[in-house]
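As structure tokens, the structure follows; a few thoughts come after it.
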Amino acid sequence: MQLQRRYNLPNCTLLVDGLADTTGEIGYSQRLGVLMNLDCYLSGESDPLSGGIDFLTSLMAAVSHYAQQCLSGVPHPQCQAGASPVQIRVLAPDQHELQVYDIPPQAPNPTEPSRRITLNTVQFFDLVEALDQLLADPLTLPQLTLPLNPLSRGDVAEHQPLIQRTAAPTLGIASLATAAALFFFAPVPEIQRPLVDPSLPGQEGTSSQNDAETAANPPGTDAENAPIHTRETLLALNSKIYEQIDVAWTEAPTYSENLTYRVSVNAEGEIRGYRPDNDRSARYENNTPLPDLLTVAPEGSTENLTDFKVVLTPQGRIEVNPWHGFPDDPIVPVSGETSVPSPETTTVPTVTSPQLERGEAISDPNVLKALNEQLRSQLDEQWTISPSFDNSVIFRFEVDEGGRIVNFAPASAGAGQYLSELGFAGLKISEPEAASGGYAEFRAVFTPKGVIEVSPWDGF
Amino acid sequence: MNASVTAPPPVSTPSDTSIPSVLSSLPDMPLRGHSCPRRARQQIDLILLAIEALDLGGSEAILLVAQELDLKPILKHRVYLWQLRSTNPLRRYTQRIPLTQPEAKAMVAIACNLARRLTVPIRELLLAYQKLEEKGLSPQHHFRLADYLERFRAHFRSRMNPKRAAVMVYNDDDKLNQLALGILKQLLFCTGTAGTQRFWVSLFDGEL
């Protein structure tokens with residue numbers, strides 16, 4: 001028995017002629033099982049596209065892949081598979097060309113399509129929908145199924161044009177060559193010696209970084225703009241980077257070894273660039289939150305960037321450290337209960353800020369007690385976020401006789417990264433009065449249960 | 001509509017064995033991690049954003065459809081749905097929670113269900129845009145199209161983090177309009193018979 005089905009959409013009509021499938025169960029006499037002819041009428045075309053089952057399956061495959069390409073924006077090479085008699089390509093954002101070949105084009109001898117039909121997006125969608133309705137109809141050609149599968153990573157990489165794949169390395173080599181040529185003519189920069197004794201360990205990194213940036217500045221610009229960081233500013237940037245990555249990191253790691261990136265940030269801690277430190281890190285770059293965190297400097301502005309080393313572990317841990325290390329580490333380790341430092345060594349030596357004239361260390365137990373309590377309540381007030389750490393975090397504070405925080409520094413491993421969470425960074429007075437009266441140092445222990453224990457660094 | 005929205009959110013979730021029927025047609029993807037890829041999270045949120053820009057009651061409709069499709073066990077309540085949408089990395093307050101496949105499927109099902117109800121305005125706006133293009137006119141010349149674009153821009157700007165490089169690309173009205181029109185075209189494909197499957201599968205193109 002001959003059957004006919006019609007799928008009608010505003011811009012596309014499918015007419016399916018076929019024979020009833022009588023081999024199946026009883027009650028399926030209305031099932032169109034064998035296709036005799038398909039006519040596909042598209043708006044604006046007087047003649048339909050016609051063909052048999054091979055034409056229908058080619059049309060379905062090309063249309064389905066092209067529809068997926070419209071949805072995901074990822075090119076599906078199957079829309080233009082060489083051997084297929086139906087191919088679809090983009091003409092303009094809103095124009096799609098359907099090409100039908102009598103003889104499928106083979107690579108060596110390309111043939112002209114017998115039909116070219118231009119469709120806009122709505123017209124193309126009607127073609128998709130008519131074919132999808134045919135597929136969904138259990139009484140028409142039930143053996144046809146819609147094989148919807150996402151493109152694999154390999155498909156996407158394989159079909160990227162060679163020029164696209166080689167563009168990045170070529171550009172890299174070209175810019176390196178240009179930079180090398182330019183720097184050849186640049187004068188040898190004068191080296192600014194750091195203000196402090198360069199023999200101090202850890203200073204080398206900073207000074208060589210300054211040299212490098214002096215060299216990078218075009219002649220005539222002032223090298224004083226180069227970022228010179230104190231321990232505190234580095235710490236603050238450090239914790240800002242940590243916090244950004246911590247918040248944005250939602251994807252479970254798919255890598256099994258640590259990834260390392262060199263991340264450049266501006267003075268506000270906004271990430272302006274990053275560079276994978278090795279091939280593995282480059283490969284898994286998109287599995288990290290870094291691409292999302294990238295920000296762009298406003299046009300025409302010049303910023304000084306500072307580099308940090310960011311390590312992401314497969315366990316989901318984030319390690320952030322200045323690329324050139326901290327300027328110096330005068331902090332007495334936590335375990336050093338017995339090593340009582342002299343006041344001179346406890347003030348943090350910095351590259352830029354001249355040493356403050358210090359008064360006497362306060363030793364009156366009553367004053368110490370009052371300051372102790374004052375500091376504790378100040379810290380308590382600022383700490384509003386429930387702790388994310390499992391082990392106590394220790395900071396060392398220096399306060400003046402009025403109880404104001406003059407300086408602070410982490411005194412336990414990794415304490416710096418909780419700086420923003422603990423919230424006290426803003427309490428530090430920016431302009432400590434030189435040669436002020438006495439000062440005192442305290443140890444503050446922040447416990448995971450939310451308790452703050454404050455005691456004088458050298459005991460009462 | 002007799003659906004009641006006053007029921008308090010269930011505190012404990014029912015067992016995961018009861019997968020709502022609308023989601024059974026969406027295949028599980030062999031993901032390497034627990035969470036859906038970045039592009040999927042971004043795309044789902046933007047599609048829902050476009051629906052809100054098309055339909056004044058869009059955000060309420062999203063919740064109602066969640067109820068009608070029996071997706072409450074997955075989407076729990078209003079705040080949870082908001083948190084899931086905020087797994088879009090472009091968001092101002094992006095959330096550090098994974099978007100699991102059942103959750104993503106539920107949002108895809110809602111988006112496509114709403115898209116189907118909005119078939120007429122979606123087609124109308126796309127055809128209007130096409131006509132304006134042919135005449136060389138800007139979208140501002142069509143009242144409803146201009147309205148959609150304006151609302152999309154306002155939603156996008158108020159919710160996305162302007163400091164992200166991926167958001168900064170859309171720093172002027174024209175570029176945001178192009179994004180809004182691009183998503184409108186994607187919405188058209190979501191309205192179809194196989195729209196839900198097509199949209200779901202497209203989220204993983206090049207990711208597996």
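Can you list the strands (runs of 3 or more DSSP E) found entirely within the stretch A:2-81 that contain at least 3 residues being among the aromatic types (Phe, Trp, Tyr) and more than 17 Å from B:Gly192 (Cβ to Cβ)?
Filter on the stretch A:2-81 gives an empty set.
Could you tell me whether the stretch A:259-281 includes any residue that is of a type in the set (A, V, I, L, M, F, W, C), over 19 Å from B:Ala166 (Cα atoms), more than 9 Å from every other protein chain (Cβ to nearest Cβ) and surrounded by 15 or more Cβ atoms within 10 Å (Cβ to Cβ)?
Yes.
To keep it simple, each residue is scored yes or no on (1) at the interface with another protein chain (Cβ under 9 Å from one of its Cβ atoms); (2) surrounded by 11 or more Cβ atoms within 10 Å (Cβ to Cβ); (3) at pLDDT below 85.
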| residue | (1), (2), (3) |
| --- | --- |
| A:Glu112 | no, no, yes |
| A:Leu119 | no, yes, no |
| A:Val122 | yes, yes, no |
| A:Ala130 | no, yes, no |
| A:Leu135 | yes, yes, no |
| A:Leu144 | no, yes, no |
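So which residues in the stretch A:70-83 are surrounded by 21 or more Cβ atoms within 10 Å (Cβ to Cβ) and either away from chain B (no Cβ under 14 Å) or within 14 Å of A:Leu127 (Cβ to Cβ) (or both)?
Within the stretch A:70-83, A:Cys70, A:Cys79 meet the criteria.
Here's the yes/no breakdown for (1) at pLDDT 75 or above; (2) under 30 Å from A:Phe185 (Cβ atoms); (3) more than 27 Å from the chain's Cα centre (by Cα):
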| residue | (1), (2), (3) |
| --- | --- |
| A:Glu204 | no, yes, yes |
| A:Gln209 | no, yes, no |
| A:Ala215 | no, yes, yes |
| A:Pro219 | no, yes, yes |
| A:Thr230 | yes, no, yes |
| A:Tyr242 | yes, no, no |
| A:Trp249 | yes, no, no |
| A:Val265 | yes, no, no |
| A:Gly269 | yes, no, no |
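Please report, ordered by residue number, the helices (runs of 4 or more DSSP H) entirely within the stretch B:111-208 with at least 2 residues that are more than 9 Å from chain A (Cβ to nearest Cβ) and either crowded, with 23+ Cβ neighbours inside 10 Å or out of contact with any Ser or Thr (no Cβ under 9 Å at 6 or more places or on another chain) (or both).
Answer list for the stretch B:111-208: B:119-135, B:143-159, B:173-190.
Can you find even one residue in the stretch B:14-35 that is free of Cβ contacts under 8 Å to residues at least 60 places away in the same chain and within 14 Å of another protein chain (Cβ to nearest Cβ)?
Yes, the stretch B:14-35 contains a residue that is free of Cβ contacts under 8 Å to residues at least 60 places away in the same chain and within 14 Å of another protein chain (Cβ to nearest Cβ).
The values are calculated or read from the model by the stated rules, or taken from the named source; none is laboratory data. Since the structure is predicted, the reported quantities are computational estimates derived from the model, not experimental observations. No Cβ is skipped: glycine too gets one built from the backbone with ideal geometry, and neighbour counts run over all protein chains shown.
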